[in-house]
Amino acid sequence: AVTRTFSIIKPDATRRNLTGAVTKMLEDAGLRVVASKRIQMTKEQAEGFYAVHKERPFFGELVDFMISGPVVVQVLEGEDAVKRNRDVMGATNPADAADGTIRKAFAESIEANSVHGSDSDENARIEIDFFFDEDEIVG
Ligand code: CMP
C-alpha cells in the first residue's frame, strides 16, 4: 500500500550542503517528498521529539546535536514508505551501513548520522503530526 513516513535531514548533512544529495537518494528509492521545510529546532522541540530516548545516556548530546544547526523535516510518500525509507537510510551506525545507503555515503558517526526515519507506521503518524499541519502536506 502507498503510505507515508517522516524524515529529518540532520544538522551534519545540512551543514555540508547535502540536502539535495540526500533528497535525491530518497527520490531514487521511490519516495516522493509531499511536504518539506527547513527549520531550526528548539531545545523543547528536540526533547519532545526524542522523548522516548530520554533515559538513554546519549539523550543530552543528541538534543544538543539536533539543535546545532538547521534540519529539513519531510513527509515522504510511497509504496511501503517506512520500510523503503529505512532500507535507503541504512543502519543507525554508519560503520554497519550497507553500500548504497544514505548513512554509508554521508554519515559522520552514530550520532551525526545524517538522517532520521520513522520506525513504524504508528510512529510515522505521530512524528508527522509533531511537525506538520495536514494542509502543509500535498500529495
Ligand atoms: P535516530 O534514528 O534519529 O534516532 C535516535 C538517534 O539517537 C539516532 O538516530 C542517532 O542519531 C542517535 N543515537 C543512537 N544511538 C546512539 C549512541 N549510542 N550514541 C549517540 N547517539 C546515538
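The values are calculated or read from the model by the stated rules, or taken from the named source; none is laboratory data. Predicted model, so just to flag it, every value in this text is computed and none were measured. As a convention, Cβ positions derive from the backbone with ideal geometry for all residues, glycine included, and neighbour counts pool all protein chains shown.
Hey, among A81, A46, A35, which residue is without any contact (Cβ under 8 Å) to a residue 60 or more places away in the chain, closer than 22 Å to I126 by Cα and under 14 Å from the mean Cα position of the chain (by Cα)?
Within the list A81, A46, A35, the selection yields A46.
Across the range 106-122, which residue is farthest from the ligand (Cβ to nearest atom) among those that are touching a residue at least 40 places away in the same chain (Cβ under 8 Å) and not in a loop (DSSP other than H, G, I, E, B)?
It comes out as D121.
Which residue out of I137, I102 is within 15 Å of S7 (Cα to Cα), β-branched (V, I, T), in contact with a strand residue (DSSP E or B) (Cβ under 6 Å, 6 or more places away or on another chain) and within 13 Å of the ligand (Cβ to nearest atom)?
Criteria check complete, one pass: I102.
Kindly indicate the residue of the range 88-99 that is assigned to a helix (DSSP H, G or I) and within 11 Å of the ligand (Cβ to nearest atom) and also nearest to L18 (Cα to Cα) among those meeting that condition.
Checked the range 88-99; the qualifying residue nearest to L18 (Cα to Cα) is M89.
Residue by residue, here is whether (1) modelled with pLDDT of 95 or more; (2) surrounded by fewer than 22 Cβ atoms within 10 Å (Cβ to Cβ); (3) more than 25 Å from E61 (Cα to Cα) holds:
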residue	(1), (2), (3)
N93	yes, yes, no
D96	yes, yes, no
E111	yes, yes, no
V115	yes, no, no
D119	yes, yes, no
I137	yes, yes, yes
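Scan the range 52-71 and give yes if some residue there is among the polar types (S, T, N, Q) and over 15 Å from the mean Cα position of the chain (by Cα), otherwise no.
Yes.
Do you know which residues across the range 34-87 are in contact with a helix residue (DSSP H, G or I) (Cβ under 9 Å, 6 or more places away or on another chain), in a strand (DSSP E or B) and either small (G, A, S) or surrounded by fewer than 15 Cβ atoms within 10 Å (Cβ to Cβ) (or both)?
A35, S36, K37, R38, I39, G78 - these are the residues of the range 34-87 that are in contact with a helix residue (DSSP H, G or I) (Cβ under 9 Å, 6 or more places away or on another chain), in a strand (DSSP E or B) and either small (G, A, S) or surrounded by fewer than 15 Cβ atoms within 10 Å (Cβ to Cβ) (or both).
Starting from the range 50-74, take each residue that is in contact (Cβ under 8 Å) with a residue 24 or more places away in the chain and among the aromatic types (F, W, Y) and list its partners that are in a loop (DSSP other than H, G, I, E, B) and within 11 Å of the ligand (Cβ to nearest atom), counting only C-beta distances under 7 angstrom and pairs at least six apart or across chains.
Within 7 Å, the pairs are F58/E111; F65/E111; F65/A112.
Residue under question is E127, and the condition is that it be in contact with a Ser or Thr (Cβ under 8 Å, 6 or more places away or on another chain), assigned to a helix (DSSP H, G or I) and touching a residue at least 60 places away in the same chain (Cβ under 8 Å); does it hold?
yes
Mind listing whichever residues of the range 1-33 are crowded, with 21+ Cβ neighbours inside 10 Å and assigned to a strand (DSSP E or B)?
The answer is R4, T5, F6, S7, I8, I9.
Which of the residues belonging to the range 78-115 are under 16 Å from I8 (Cα atoms), of a type outside the set (A, V, I, L, M, F, W, C) and touching a Gly at 6+ places or on another chain (Cβ under 6 Å)?
R84, N85, R86, T101, R103
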